[in-house]
Amino acid sequence: MNYLINKEWDEIIDKKMLKRILKQLDCIYNDSEVFPEKQNLFKAFELVKPNDVKVVIIGQDPYHNVGQANGLAFSLNEGTKVTPSLRNIFLELERDLDIKREKVDLSDISSQGVLLLNSILSVEKGKPLSHKKLGWEMFTDDVIMKLQEDNYPIIFVLWGNYAKSKKPLINKEVNYIVEASHPSPFSARRGFFGSKPFSKINKILKKEHDLEIRW
């Protein structure tokens, strides 16, 4: 099975680890319905080169319902009904920057240097966290650490306890952390709403003399 991944990432990704994961995943794709579709498995890496990464937003695993996942954390295929978490992200965006966004595919944001990285890159239909034991978390943790080796500041966005568990991987002397509760309806009112993450990110980028994100 052919998987698409930008060659620019060759020096960042652990190819041996990835090969072991994909060997397992080949069988699972053949026997089960897996999301995202194989051509979108590495979409997060296709849309932004490692040297262009300015922001990393960490999710857990892809949406597990038919037609939703497109390979980017929190993002949906266009034409798909907005999920509660993404709806809350859009509500906070409007409150924060007065931007009313309706487009659920976040590819335009990703292509500006925002790595929308799920820690686990695949999932089986209707089974959240079903690919937790494939080795994805070790692979993406390694990516997070390797991205920091060039020693230029990256903004890491950690929404919810799972994303916050990645803090030990981040060099806080060089990089920035923007954190809040998860945008899920279960926790959005306990710290996500009012956190103003989008203006915070752009303020940091402006401070670092970088282009702000067009959310």
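The values are calculated or read from the model by the stated rules, or taken from the named source; none is laboratory data. All figures in this text were calculated on a predicted structure; none of them were measured in a lab. All Cβ positions, glycine included, derive from the backbone under ideal geometry; neighbour counts span all protein chains shown. Side chains are part of the model used for accessible areas, which takes the heavy atoms of the whole protein and leaves out ligands, DNA and RNA. Shrake-Rupley method; radii C 1.70, N 1.55, O 1.52, S 1.80 Å.
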- request: Kindly provide the set of residues from the range 199-215 that are of a type outside the set (D, E, K, R) and either open to solvent by 40 Å² or more (accessible area, probe 1.4 Å) or in a loop (DSSP other than H, G, I, E, B) (or both), ordered by number.
  value: His209, Leu211, Ile213, Trp215
field: Among (1) open to solvent by less than 60 Å² (accessible area, probe 1.4 Å); (2) part of a loop (DSSP other than H, G, I, E, B); (3) in contact with a strand residue (DSSP E or B) (Cβ under 8 Å, 6 or more places away or on another chain) - the single one Leu129 does not satisfy
entry: (1)
- prompt: On the given criteria, is Glu37 closer than 16 Å to Ile120 by Cα and modelled with pLDDT under 95?
  reply: yes
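What's the total number of residues in the range 178-198 that are closer than 17 Å to Asp96 by Cβ, surrounded by 14 or more Cβ atoms within 10 Å (Cβ to Cβ) and in contact (Cβ under 8 Å) with a residue 40 or more places away in the chain?
Residues that pass the stated criteria total 9.
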query: When Glu78 is evaluated against the numbered criteria (1) open to solvent by 30 Å² or more (accessible area, probe 1.4 Å); (2) part of a helix (DSSP H, G or I); (3) not basic (Lys, Arg), which criterion, by number, is the only one it fails?
result: (2)
Subset of the range 146-177 (residues that are surrounded by 14 or more Cβ atoms within 10 Å (Cβ to Cβ), closer than 15 Å to Asp210 by Cβ and free of Cβ contacts under 8 Å to residues at least 40 places away in the same chain): Tyr152, Asn175, Tyr176
message: Any residue that is out of contact with any Pro (no Cβ under 9 Å at 6 or more places or on another chain), in contact (Cβ under 8 Å) with a residue 12 or more places away in the chain, open to solvent by less than 30 Å² (accessible area, probe 1.4 Å) and outside any helix (DSSP H, G or I) - is there at least one of those in the range 81-97?
response: yes
Breaking point among (1) outside any helix (DSSP H, G or I); (2) more than 24 Å from Asp10 (Cα to Cα); (3) under 14 Å from the mean Cα position of the chain (by Cα), for Phe156: (2)
